[in-house]
1. With each pseudo-label sitting 7 Å past Cα toward Cβ, what's the ARG108-THR54 distance in nm, one decimal?
2. Starting from 0.36 nm per residue, how many nanometres of slack lie between THR214 and SER47 once their C-alpha separation is accounted for?
3. Please determine, in degrees from 0 to 90 and to the nearest 10, the orientation of helix 34-48 with respect to the longest principal axis defined by the Cα atoms of the chain, where the helix direction is its Cα long axis.
4. Each residue of the range 227-244 in turn: what ³J(HN,Hα) in whole Hz from Karplus with 6.51, -1.76, 1.60 and θ = phi - 60°, glycine and Pro shown as x?
5. Give me the angle, in degrees from 0 to 90, between the Cα long axis of helix 8-20 and the longest principal axis of the Cα atoms of the chain, rounded to the nearest 10.
6. Share of antiparallel DSSP beta bridges in the chain, in percent to the nearest 5?
7. Shape of the range 8-90 from its Cα gyration tensor (a ≥ b ≥ c, root eigenvalues): rounded if a/c is under 1.5, otherwise prolate when a/b > b/c, or oblate?
8. Report the net charge of residues surrounding THR22, where surrounding means a beta-carbon distance below 13 angstrom and charges are Lys +1, Arg +1, Asp -1, Glu -1.
Amino acid sequence: MADLLPDLRQLRAFVAVADEGTFTLAAKKLFLTQSAISHSMRALEESVGCKLLTRLGKKTVPTGEGEVFLRRCRRVLGELELAGRELDGLKRWGQNRIRIGAPHSLARFLLPTVLREFRDCFPRCEPSIESGDTAHLLERLRDHELDVVIGLRPRDAGDVESQPMFRDSMMFLVPPVHEWAEARIAPAEEIESTQFIIYARSTETHRLVEDYFTALGIRPRAPLVLGDMEAIKEMSKVGIGVGILAPWVATREIEEGSLVTVPVGGPPIEREWAVFWNRDRPLSLIEETFAGIAAMIGSELGVRCCDQPPR
């Protein structure tokens with residue numbers, strides 16, 4: 001192939017001829033003369049170094065090489081058309097929106113920073129936020145009722161696209177007077193009799209905690225199950241039970257010393273967080289920017305999770 005690249009007028013002319021079947025109809029479609037179309041095709045074939053069109057009866061059709069090139073041309077022109085629509089939308093006040101889904105933990109600890117950065121890029125875009133469990137939010141995403149979701153990766157999310165944000169590990173949270181706090185260890189023989197406080201049923205976090213106990217081969221006491229992480233922290237502080245949470249959810253309490261992290265024994269309780277979107281349509285410029293910012297801020301949160309020592 002020659003070093004020269006075709007220009008957009010040549011690509012549009014080629015696609016028009018392939019679609020219409022004649023130079024005359026292609027010229028009418030593009031509001032050009034037939035000689036202009038002929039000139040564009042000669043220049044294009046010289047540029048790519050092969051014959052792209054051939055006569056078949058009264059019609060002009062792509063050659064084998066032309067069919068391959070045609071698919072790429074359609075993709076290029078389609079992306080340019082989408083970019084044009086997005087840029088046109090950015091010029092219009094009040095017509096930009098993004099519908100975001102986030103679990104309560106990320107809505108509190110991650111989303112404010114993401115939205116601050118996002119608004120610097122798109123000050124006229126009005127985001128709407130829906131909080132809930134990731135599984136519910138992904139269903140809303142599949143139904144096109146949300147544009148993008150940030151949340152915990154479930155076991156099976158094969159029908160949506162995703163971009164990783166960060167990984168974390170859950171730990172035991174106890175008050176500083178708890179016997180585990182000084183030893184920085186949870187004795188295996190005490191786990192089965194301990195009252196744990198864990199997050200809501202029918203969530204990925206709850207399933208991971210259950211898998212942890214199963215891997216240890218023990219059946220603990222029936223846990224207290226709460227749908228509010230703030231309540232889990234408060235009950236852990238006063239010794240109602242041992243909370244099982246990721247340390248970043250309790251950063252303030254750990255720093256002030258009202259809660260102490262104790263590593264879980266046995267296999268780690270690891271989670272992966274990601275940005276999700278529908279695979280049946282490309283992300284808009286606004287959505288792609290939000291996803292990129294969320295992934296960047298999330299990765300920074302993940303680094304802090306890994307660097308934070310137990311207290």
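A short reminder: the numbers here are calculations on the coordinates, not readings from a lab. These figures come from a predicted structure and were not determined experimentally. Virtual Cβ from ideal backbone geometry, glycine too; neighbours counted across all protein chains shown.
1. 6.9
2. Values: separation 167, 0.36 × 167 = 60.12 nm, distance 6.47 nm.
Result: 53.6 nm gained on full extension.
3. Roughly 60 degrees between the two axes.
4. x, 10, 5, 4, 5, 4, 5, 5, 5, 5, 4, 8, x, 5, x, 9, x, 10
5. Helix 8-20 and the main axis of the chain meet at about 80 degrees.
6. Just about 65 percent of them are antiparallel.
7. Values: a/c = 2.03, a/b = 1.55, b/c = 1.30.
Prolate.
8. Residues close to THR22 contribute a combined charge of +3.
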